[in-house]
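One structure is given below, encoded as structure tokens.
The values are calculated or read from the model by the stated rules, or taken from the named source; none is laboratory data. Just so it is clear, the structure is predicted and the values come from calculations on it, not from any experiment. For neighbour counting, all protein chains shown are included, and Cβ atoms are generated from backbone atoms with ideal geometry for every residue, glycine included.
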Amino acid sequence: GAVVSQHPSRVICKSGTSVKIECRSLDFQATTMFWYRQFPKQSLMLMATSNEGSKATYEQGVEKDKFLINHASLTLSTLTVTSAHPEDSSFYICSASRGGSGGTEAFFGQGTRLTVV
Amino acid sequence: DAKTTQPPSMDCAEGRAANLPCNHSTISGNEYVYWYRQIHSQGPQYIIHGLKNNETNEMASLIITEDRKSSTLILPHATLRDTAVYYCIVRVGSGAGSYQLTFGKGTKLSVIP
């Protein structure tokens, strides 16, 4: 099956610094990728839709200037958490799908555990 | 996307079949039923999906009622590694935007030795 890889899997950073998370589709091209966030004991919440070659679309309540998304190629999207604070500590997950119509599954990265201290 | 309702938790004895129900009474004709699972501290894993007919793959079977208002995911011989949160999601199948998924709270399946 298709593989989506995230890096790093775990990161600890100091409050006020920025952290970049990479999401790669390893064996297919993805014009659209999605970024989710998951707090402890909660479900995944969509943060934004990453579109190759254009601006990302953010969900209501997600600050676009804080969570910078770049989708510069068909196999790579990055999420940068700027000026991180402890409340940004969470599990960040990306997903991507092959193109095509009807009933195609989304593939998820393994997730990135961000801890801001 | 249509809303789904799942029991918050279930237990299953190791080696027995695990039957996980999902209600999606507002599903529309062009929406598929998808199942994903999330093992602790990992990204979700695709299991199976279907539109109208029952489906089976190497992981599980999906039984969809004739009126499509509910479905059941069946893990035929549950193992300890199947302990996870299982998400039932309905969504339109085609187009790039359709790959966005709305996750509910899912069912936490605990497989007991």
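For (1) part of a loop (DSSP other than H, G, I, E, B); (2) modelled with pLDDT under 90, each residue gets a yes or a no:
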| site | (1), (2) |
| --- | --- |
| A:Ala2 | yes, yes |
| A:Thr17 | yes, no |
| A:Cys23 | no, no |
| A:Ala30 | yes, yes |
| A:Glu63 | yes, no |
| A:Ile69 | no, no |
| A:Leu79 | no, no |
| A:Glu87 | no, no |
| A:Ile93 | no, no |
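Could you count how many residues in segment A:20-49 are crowded, with 17+ Cβ neighbours inside 10 Å and at positive phi?
Residues that pass the stated criteria total 0.
Can you pull out every residue in segment A:61-76 that is closer than 19 Å to A:Ser89 by Cα and either out of contact with any Leu (no Cβ under 8 Å at 6 or more places or on another chain) or not hydrophobic (A, V, I, L, M, F, W, C) (or both)?
Within segment A:61-76, A:Gly61, A:Val62, A:Glu63, A:Lys64, A:Asp65, A:Lys66 meet the criteria.
Can you tell me which residue among A:Ser95, A:Ser43 is facing chain B (nearest Cβ under 8 Å), touching a Phe, Trp or Tyr at 6+ places or on another chain (Cβ under 6 Å), closer than 18 Å to B:Gln42 by Cα and in contact (Cβ under 8 Å) with a residue 24 or more places away in the chain?
Going through A:Ser95, A:Ser43 in turn, the sole match is A:Ser95.
For segment B:77-96, give me the residue count where each residue is within 11 Å of chain A (Cβ to nearest Cβ) and under 10 Å from the mean Cα position of the chain (by Cα).
3
Based on what the data block shows, is B:Ile74 more than 14 Å from chain A (Cβ to nearest Cβ) and farther than 24 Å from A:Leu46 by Cβ?
Taking the combined requirement at face value, the residue satisfies it.
Test each condition in (1) more than 14 Å from chain A (Cβ to nearest Cβ); (2) in contact with a Cys (Cβ under 8 Å, 6 or more places away or on another chain) for B:Thr5 and report the one that comes out false.
Condition not satisfied by B:Thr5: (1).
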